[in-house]
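Notes for the one structure printed next.
The values are calculated or read from the model by the stated rules, or taken from the named source; none is laboratory data. Source: prediction; values computed, not measured. Heavy atoms of the whole protein, side chains included, go into the accessibility calculation; ligands, DNA and RNA do not. Shrake-Rupley method; radii C 1.70, N 1.55, O 1.52, S 1.80 Å.
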Amino acid sequence: MLAVLGVAAPAFAVMALGWLAARRGWIDRPGLRGIELFVFSIAAPALLFAAGTAGHGAGGATALAFFLAVFSLYAAILLVAWRAGWPLSRSGPMALDGVYGNTVMMGIPLVFAAFGQPGLSVLMVILALHALLLLTIGTILAEIAAQGGGRPWPVARSALIGVLRNPIAMAVLAALLVAAAGIELPPVLRRMLELLGAATPGAALFLLGASLTGFALRAAWRQLALTLLVKLLLLPALVYALGWLLGLSRLELAVATLTAALPTGANAFLMASRYRSGMAESGAAVLASTLLSVLTLPLVLLLLGAG
């Protein structure tokens, strides 16, 4: 238990410091924006590229177990909402809230703290597809809802291009290509990437804490309760079950399950904001799931035997 707390407690302490700094105005918005640009444009891509080319292999079964669970629950939420008579403009954001995790700002630091570089290499398999698949599908559904059934394929193409322009997505893709080609990085380059990447965990958690000042728990509590149940309980349980059935290694199973147990990512809220649909509910899901994860993630780590 102490080992688990040693992994989780520092992470949440840094998040609390970020929240306090933003709340008290110790760092202004332009300052936080500068940290954000550094983390997501330089530090995190460097960390992921270094991890992806470190020589720790991870099979496609990890991604299969993870995304089979994700899309099963995604479809189930949409189906239940449709049967209940909800419009797609409401059920689409809710479904995304229930399955889209904070894989970068929280996932990378926690996986690295719990499992080190080998764990990040496993996480790479999920990161390579996470935003690409979920945000593209979320965009298509949002456009269908907004246009009343209009043609989604041009929207899907623009969403795909937007994801591929993301520095983190490109770093993951580049690392996979370099690793597949068997190219060894020069020691000087690897050390530089590791130095830059070392800034990612703390800065990302700090930013996540600061971002929570912009959300409020004012959404419909029943929808919020269902979202939290799916995101923090059903999804990790289903990923674990499918991973066990597919014969994942202990490390792969642990990383996939921990990733599934992460709180709702802020990109789900940004998607809702873009289409002016479900913003309050999505913001509440980000805030509430992050706060609850202070309790649930240490429990998940303990059950997985991490730390």
Report the residue, chosen from I42, I140, I183, that carries the largest GNM mean-square fluctuation when the chain is represented by alpha-carbon nodes joined by springs under 10 Å. I183
Return the single residue from A65, A54, A261 with maximal mean-square fluctuation; model: Gaussian network over the chain, springs between Cα atoms under 10 Å. A54
Under the definition of Cα pairs under 8 Å and six or more residues apart, what whole-number percent is the relative contact order of the range 4-99? 16
Solvent-accessible heavy-atom area per residue, rounded to whole Å², over the chain at 1.4 Å: 46
Once the Cα gyration tensor of the range 240-307 is diagonalised, semi-axes √(5λ) in Å: 29, 15, 7
Just to be sure I understand the curve: with the Debye formula and one point per C-alpha of the range 190-307, what is log10 I(q)/I(0) at q = 0.11 Å⁻¹? -0.46
Cα centroid distance between the range 232-256 and the range 178-223, in Å? 22
What is the set of long-range amide H partners of G101 at a cut-off below 5 Å, with H atoms built 1.01 Å from backbone N? G265
Average Cα contact separation per residue, the chain, under 8 Å, 6 or more apart, as relative contact order %: 35
Carbon and sulfur atoms account, in whole percent of the 1.4 Å probe accessible area of the chain, for 69
Report the equivalent ellipsoid semi-axes for the chain in whole Å, largest first, defined as the square roots of five times the eigenvalues of the gyration tensor built from alpha carbon atoms. 28, 22, 21
